[in-house]
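To keep things clear, I will list the structure first and then write my remarks on it.
The values are calculated or read from the model by the stated rules, or taken from the named source; none is laboratory data. Just so you know, these numbers come straight off a predicted model, no measurement behind them. No Cβ is skipped: glycine too gets one built from the backbone with ideal geometry, and neighbour counts run over all protein chains shown.
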Amino acid sequence: MFTETQSAIESISGYTHIPDSPTKPINKGKAALNPLWHAGGFVIILVAWEVAANNLNSPYFSPVTKIAPALVRIILSGEALDHLLYSMQHILIGLAIAALFGFVFGLLIAESLIARALLLPVADTVRSVAALTLFPLLLLILGLGVWAKSFVIFWTAWPAILLSTYHALTHVEREIIEAAMLDGAGRMNILKNVSIPLSLPSILNGVRIGVGGGWISLVAAEMLGSSKGLGFYTLICSQTFHYPEMYAAILLIALTGFVMNTSLLFIQNITERKLYL
C-alpha cells in the first residue's frame, strides 16, 4: 500500500523515488549509517566551494570563510531571525489550511464515488496552475499582508496532501477491512479505527512533500512582493552588494527547509513503527 501511495505522491511532486536495489549494497554494516558519512557530502561541497571561490577571486562569489561569519553575525544580531519568524508564520498558516483542506477532500473523494467523479478531475486540473502565477493577482486582492503569501503555501501544498490521503485510503488492504467487518465494525468505525490510522504515514509523507514545495514557493513569493521574510532579505542583500550575507541567508533558507523535512520525516517514521509493532 505504501509503495503505491509513495509513487502517487511522487508523480504529483516531481520527486523521483529510487527503488531499493535487489542486490546488497557495496558498503555493508553499521559503518555506512554513521552520521559522519551523512555530513561527508556537505563537507565536500563546502571545501569545493571554498577552493573555487578563492581561485575565481570574484566579489560575487563569496568563500565559505566569509559566509560562515556572516551567518553567525546575522543570527546573533537578530536580523535574520526576525525575517525567519515572519516566513515561518506564513508556513504554519498556509500548511494548516492545506492540511485541513487536503485531508477533508481527500477523505471525501476516497469514500464517495460521486465526490470522486465530481472533484478528482477538478483537482487534477487546477493543481497544474503554479502558485506563483497567481501571486500578482493575490497581491492585488489581498495586498502584502499575511494572507497572500499564506495562500501561495496552501496552493502549493494541498495537492500532495489531498492525493496522498486519497490514494492511501483507497489502498488499505482489503483483508484488514474484511476482518474488521467480520468483527461487526461499521463503515465509520472502520474508517476511524482502521483506514485512517493505517493511512497516516502516507498522509504525513504528503504533508512533508507539501511543506518542501510550499517553502520554496514562499521564498520566491517574498522576493516578488514582500517587505519582510527570508526571501525578501536575500534579495535586499544582493541589491545592496552584501554578498556574504546573501549567501548566509540562502544557507539559512536551506537549513530551515532541512530541519522541517527532517522533523516531519522523524514523525512519519515514528508513526510507521507504532503501526507495525
Test result for Ser227, hydroxyl-bearing (Ser, Thr, Tyr) and not in a helix (DSSP H, G or I): yes
Residues within the stretch 194-225 that are surrounded by fewer than 24 Cβ atoms within 10 Å (Cβ to Cβ) and of a type in the set (Gly, Ala, Ser), tallied: 6
Pair list, Cβ under 6 Å, 6 or more apart: the stretch 79-92 residue in contact (Cβ under 8 Å) with a residue 24 or more places away in the chain, other residue of a type in the set (Ser, Thr, Tyr): His83/Tyr233; His90/Ser150
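Just to confirm my filter: which helices (runs of 4 or more DSSP H) fall fully inside the stretch 135-223 and include at least 2 residues that are of a type in the set (A, V, I, L, M) and under 22 Å from Leu264 (Cβ atoms)? Give the derivation first.
Details: elements: 146-169, 174-182, 187-190.
Result: 146-169.
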Some residue of the stretch 98-111 being within 19 Å of Gly257 (Cβ to Cβ) and either in contact with a Lys or Arg (Cβ under 6 Å, 6 or more places away or on another chain) or not in a helix (DSSP H, G or I) (or both): no
Pair list, Cβ < 9 Å and 6+ apart or interchain, from the stretch 242-254 residues that are outside any helix (DSSP H, G or I) to residues that are not β-branched (Val, Ile, Thr): His242/Ala70
Residue satisfying condition, being at pLDDT 90 or above, within 16 Å of His242 (Cα to Cα), surrounded by fewer than 19 Cβ atoms within 10 Å (Cβ to Cβ) and of a type outside the set (Val, Ile, Thr), within set Pro69, Pro59: Pro69
Where a residue in the stretch 108-133 is closer than 22 Å to Val152 by Cβ and its partner, wherever it lies, is in a helix (DSSP H, G or I) and polar (S, T, N, Q), with Cβ under 6 Å and at least six apart: Ala131/Thr156; Ala131/Ser217
Selection from the stretch 84-136 of residues that are farther than 26 Å from Asn189 by Cα, among the small types (Gly, Ala, Ser) and buried (at least 17 other Cβ atoms within 10 Å of the Cβ): Ser87, Gly94, Ala123, Ala131
